[in-house]
Structures are given as C-alpha cells and as structure tokens.
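The values are calculated or read from the model by the stated rules, or taken from the named source; none is laboratory data. This one's a predicted model, so the numbers in the text were calculated from it and none came from an experiment. Methodologically, a virtual Cβ is constructed for each residue, glycine included, from the backbone with ideal geometry; neighbour enumeration extends over all protein chains shown. Note: accessible area is taken over every heavy atom of the protein model, side chains too, but ligands, DNA and RNA are not part of it. Shrake-Rupley method; radii C 1.70, N 1.55, O 1.52, S 1.80 Å.
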Amino acid sequence: MFWRARLKLTASYAAALALILLVLGGSAYFVVRRDLDDEIERSILVARADLLTEPALSAVQLGGRRDHNEEEELELEHVLGAVPTDVFFVLTNASGAILSNPRRVDIEHIDFGRLASGASRGDTWGETSGEHTNHRFLTVPVTLDWGEVAYLHVGRSLDARNNQLDTLRQTLLAGGLGGILLSAAGGFVLAGRALVPIRRSVDTQRRFLSDASHELRTPVTTIRANNELLLRHPEQTIEQNLPQLEAIAAETGQMAALVNDLLTLARADEGRVELLKEQFDLSDLLAGVGRDMEALAELRGVDFMIDLREVQVRGDRTRLRQLAVILLDNAMKFTPAGGRVTLRCTRSGRRAELSVSDTGPGIGREHQGRVFDRFYRADAGRARSEGGTGLGLAIARWIAEVHGGRIGLDSAPGKGSTFTVRIPAAG
Ligand code: ADP
C-alpha cells in the first residue's frame, strides 16, 4: 500500500517537473529561434535595401551579361562591397534560370524557379532545403535595364542558425532528462520520508483495532459460554446458577469499562472531547478522591496515606478526578496487602504536582517507556485478572497533556512505583 503511494508521489513529482521543464525549455527554445530568425531576416532586409539602389542593381545586372569582362567584374565587387558577406544574392528569370551570380556561390541545389513563381506579386519570403544546407530567401521581382522582369533572390544560409538550435535542443533535452531523473530520485526519498509518520499512524491504528477486538473477544466468549450453560438447564433456579450469572455480570462490567475507555480515547484522538476548564483547589478534589478510595484500600489491606497541600489549577474537574482514580486504582491493584499507597499534591514553582506512590512490585526499565501505550501491560496475565482494560495510563497521559502537563514514572522492580503528574498551576 505504501509502496504504491510512494511510487505515485514520485511519479507526480517527476511529471510536475517534466511539465515545468517542458514549458520553460520550450519557451527558451522558441525565444532563441525567434531572435536568430529576426537577425537573419534583418540582415537580408538591409542587403535588399542596399541592392535595390541604382548602381548596385545595375552592377548585378552587369554580372549577368554574357559579354562581361574581368575589369567590369572588379567594378562590380566595388559596388557590391557594402552587402554583408554572409548574405548572397542571385538574379534569375521567371523560370529560375541564373542570370547573374556575382558572389559565385554554390547554388546547384536551389530551386529558384519555385521561389520566383511564388514572388510574382511582390517581395516574398521563402526557404529552400538541400542535402547539406538550408537557406532563407527574400525574392524581389525587378525590372532589368533592358525591360525584362527578373527575380533578385537575397538569401542567407540557415546552417549556423540550425546548428545553434540543434545544440540548444540537445542541451535542453539532456538537462531536462537529467533533471527529471534526479528529481524522481529525490522525490522517491522525500516521499519515503513524508510517508513515515502516516505509516506509523496507520500501524498504530491497526494495532489499536486488533488489540481492541482481542480485548472484547475474551468477555464475549465468556458471556456466551456461561449463557449456553444456563440454557442447558432452564428448569434450574437463579440461585443454582449463581456462578455463571456472576461471571456474566463481571465480564459485562469489564466490557462496559473497556468500551467506555475506547470511546474516551477515540474522542480524544478526534479532538472531540470538550473540557470544562475552571479554577479550583486540586487538593480539595484529591481529598474527595482519597475518601472514596479509603474503603478499597481497607479491603485490600493496604496502608493509604494522603498528604495534600493547597494548589490552584485551571482544568476539568471530572477529567483530573479520572486521572487520580486511574493512578490510585493501579496502585491499589498492584500493591500487595501490607503495602503502602501515598497520594500527594503540592505546588512546585509554577506547577502543580500530583503524585501516587506505592510499595508494589515496581515496573522494569524495559516496560517503563511503554506502560503509557494503549493496551500495554507489563504483566499481562496479572493485569487482566485484576480487571484492567490496559487503557488506564494511556487515558491518564492524555488528560495530563490536554491540561498542558506531563506524566512521569519513577520505578524500579521491587522498589515500588511513583507516578507524577505536573500541570501548570493557576494564580
Ligand atoms: P491496566 O488496566 O492493565 O492497569 P494501565 O494502562 O492502567 O492498564 O496500566 C498499564 C500497565 O502498567 C499495567 O498493566 C501494569 O503492568 C503497569 N502498571 C501500572 N501501574 C502500576 C503500578 N502501580 N505498579 C506496577 N505496575 C503498574
């Protein structure tokens, strides 16, 4: 799934760059070509103007006379000297037969007949392509001294221009392809990086879903089995089936707690939980929680100490109460009879500090970073048999964080555990 997404992203990067390069390269190519063509046409137009002056045109005609001699030819060079050397000119009749070629250029392959026929109504631009060279021409109809209509073809070779354009095309093509390949490679790496957090979050969600289904399956299976046992003896009284009914009640309770916790976390993930923030004394709230927990401590034979100092906080009473209950519930659950659980709160600088310590088994270093993860249990069998959902500390961490605080753990195997929550103090 992620490979496909990565390849798709890479292809999009490369396609976007290819499009940009195509537009930029294409524009650069056409601008350069237009400039080169402009320059060629400008030089032809200048030459045309020079050639159509009286002496020059006569000299060209002279070049075409069959009886001209060496001396006249020298004069011809003199008159036509002003025309740039890379522009050449040829005088032909309407059918393309050469009347004059004063520059004596190689014109074998040029079809002057076609150029002349196209220019019967006035100056006309044309191009000719030969095996090795191409030319651009301006063909101008002129009337010779002796009255005959002829055509003056003023032209320039396109070879230099074509070579420049070829080089430019190859450079743009090679640069473009290289750029696309590089960007595809870079895009592949970047897409891989961009997908890492998404992949992690999808993996976490998947794991969460499969853990949740697994957690729900156990109580459902137990309820179903006990129900089947009950259905086998419909004639029996409730009292006779008390163990099955108690098991169903216990599993239902476990399932309800789990569904409740799942819902809290799902809402927290979506950011849909509304917190009622108000200012109050945290020690007051914890005193109430402590009173409620005393019965449980007594039941378990655990010594319960409470040490609370006044500290004002701004927060959601219900959620902070839930946080304290989670920590105390765990402490009571994991501390053996004869042990001690201590609930403290105090102000430390600009923070309110709430801590729950116990003299229980402690948590190994390898588990400490993960006990706040959803469904993580350091001692799976024991935790489940104690009725935990495996979501308590994940919820506790979320509550601490939405209050702008953090939760920390200080523990070592055999030395008990201390969970400390620090949130900003008010006032
Ligand atoms: P659970 O419902 O299993 O208690 P929690 O998220 O509250 O889930 O706790 C996660 C795990 O952290 C527990 O399963 C247990 O292994 C460990 N743990 C939490 N509190 C304590 C504690 N006070 N002493 C020892 N282990 C604890």
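Would you kindly calculate the translational diffusion coefficient of region 1-49, applying Stokes-Einstein with the Kirkwood radius from alpha carbon pairs, for 37 °C and a viscosity of 0.692 mPa s, and quote it in µm² s⁻¹ without decimals? All intermediate terms of the calculation are to be shown ahead of the outcome.
Numbers: Rh = 13.9 Å.
So the translational diffusion coefficient is about 237 µm²/s.
Kindly report, to the nearest 10 Å², the accessible surface of R267 as traced by a 1.4 Å probe over protein heavy atoms only.
100
Let me make sure I get this right: for region 81-238, a, b and c are the square roots of the gyration tensor eigenvalues over alpha carbons, sorted descending. Under 1.5 in a/c it's rounded, otherwise prolate if a/b > b/c, else oblate. Which is it? Walk me through the numbers before you get to the answer.
Working: a/c = 9.09, a/b = 4.67, b/c = 1.95.
Judged from the Cα gyration tensor, region 81-238 comes out prolate (a/c at least 1.5, a/b above b/c).
Need one number: nm distance between label points at Q205 and W146, each 7 Å from Cα along Cα→Cβ, rounded to one decimal.
Label at Q205, label at W146, 9.5 nm between them.
Give me a comma-separated list of calculated 3J(HN,Hα) values for region 354-360, in order, Karplus coefficients 6.51, -1.76, 1.60 applied at θ = phi - 60°, integers in Hz, x for any Gly or Pro.
Result, rounded to whole Hz: 10, 9, 10, 10, 9, 10, x.
To test your reading of the geometry: what angle, between 0 and 90 degrees and rounded to tens, separates the Cα axis of helix 159-232 from the longest principal axis of the chain?
It is inclined by approximately 20 degrees.
Calculate the length of the line joining the C-alpha centroid of region 1-44 to that of region 136-198, in whole Å.
Comparing the Cα centres of region 1-44 and region 136-198, I get a distance of 12 Å.
Return the percentage of antiparallel bridges among DSSP beta bridges fully within the chain, rounded to the nearest 5 %.
Of all bridge pairs located within the chain, approximately 90 percent are antiparallel.
For region 210-267, list log₁₀ I(q)/I(0) at each q in 0.29 Å⁻¹, using the Debye formula over Cα point scatterers of equal strength and ignoring solvent, two decimals each.
Ignoring solvent entirely, the Cα scatterers give -1.13.
Going highest first, how would you order 211-224, 410-423 by mean Cβ packing within 10 Å?
Values: 211-224: 14.9, 410-423: 18.8.
Per-residue mean Cβ counts within 10 Å order the peptides as 410-423, 211-224.
Kirkwood hydrodynamic radius (Cα pairs, Å) of the chain? Mind showing how you got there, number by number?
Values: mean 1/r = 0.0322 Å⁻¹.
Hydrodynamic radius (Kirkwood, Cα only) of the chain equals 31.1 Å.
Where does the chain land at 222 nm, in deg cm²/dmol rounded to the nearest 500, when only DSSP H runs of n ≥ 4 count, each adding -39500 (n - 2.57), divided by all residues?
Result for the chain, helices only: -19500 deg cm²/dmol.
With the Cα gyration tensor of region 255-319 giving a ≥ b ≥ c as the square roots of its eigenvalues, does the rule (a/c under 1.5 for rounded; else a/b larger than b/c for prolate; else oblate) give rounded, prolate or oblate? Let's see the in-between values first.
Details: a/c = 3.82, a/b = 1.26, b/c = 3.02.
Note, shape of region 255-319 comes out oblate.
Enumerate the lysines that K415 could reach by cross-link, defined here as Cα to Cα under 17 Å, with residues fewer than 8 away along the same chain left out.
Correct list for K415: K333.
On C-alpha positions alone, give me the angle between the axis of helix 54-64 and the longest principal axis of the chain, in degrees, nearest 10.
Orientation of helix 54-64: about 80 degrees from the principal axis.
Could you check the simple spin-label distance between A295 and R104, using points 7 Å along Cα→Cβ, in nm with one decimal?
12.6
Could you check how much of the accessible area of the chain is carbon and sulfur, as a whole percent, using a 1.4 Å probe? Spell out each step's value before the answer.
On the way: 13360 of 24600 Å².
After summing per-atom areas, the C and S share lands at 54 percent.
Want the number for L22 to D303: 0.36 nm per residue separation, take away the alpha-carbon distance, what's left?
Between L22 and D303, full extension yields 93.3 nm more.
Please turn the phi angles of region 397-414 into ³J(HN,Hα) values with the Karplus equation 6.51 cos²θ - 1.76 cosθ + 1.60 (θ = phi - 60°), one per residue in order, whole Hz, x for glycine and proline.
So the J values, rounded to whole Hz, are 5, 4, 4, 4, 5, 5, 9, x, x, 9, 10, x, 10, 10, 7, 8, x, x.
Identify the residues of region 101-119 with backbone N under 13 Å of a label point that sits 7 angstrom from the Cα of H132 along the Cα-to-Cβ direction, or state none.
Taking a point 7 Å out along Cα→Cβ of H132, the residues of region 101-119 whose backbone N falls under 13 Å are 106-109.
Report the one residue of V142, G178, G408 whose Cα lies farthest in the direction of the positive end of the charge dipole of the chain (charges on C-beta: Lys and Arg +1, Asp and Glu -1; origin at the Cα centre).
Of the listed residues, the answer is G408.
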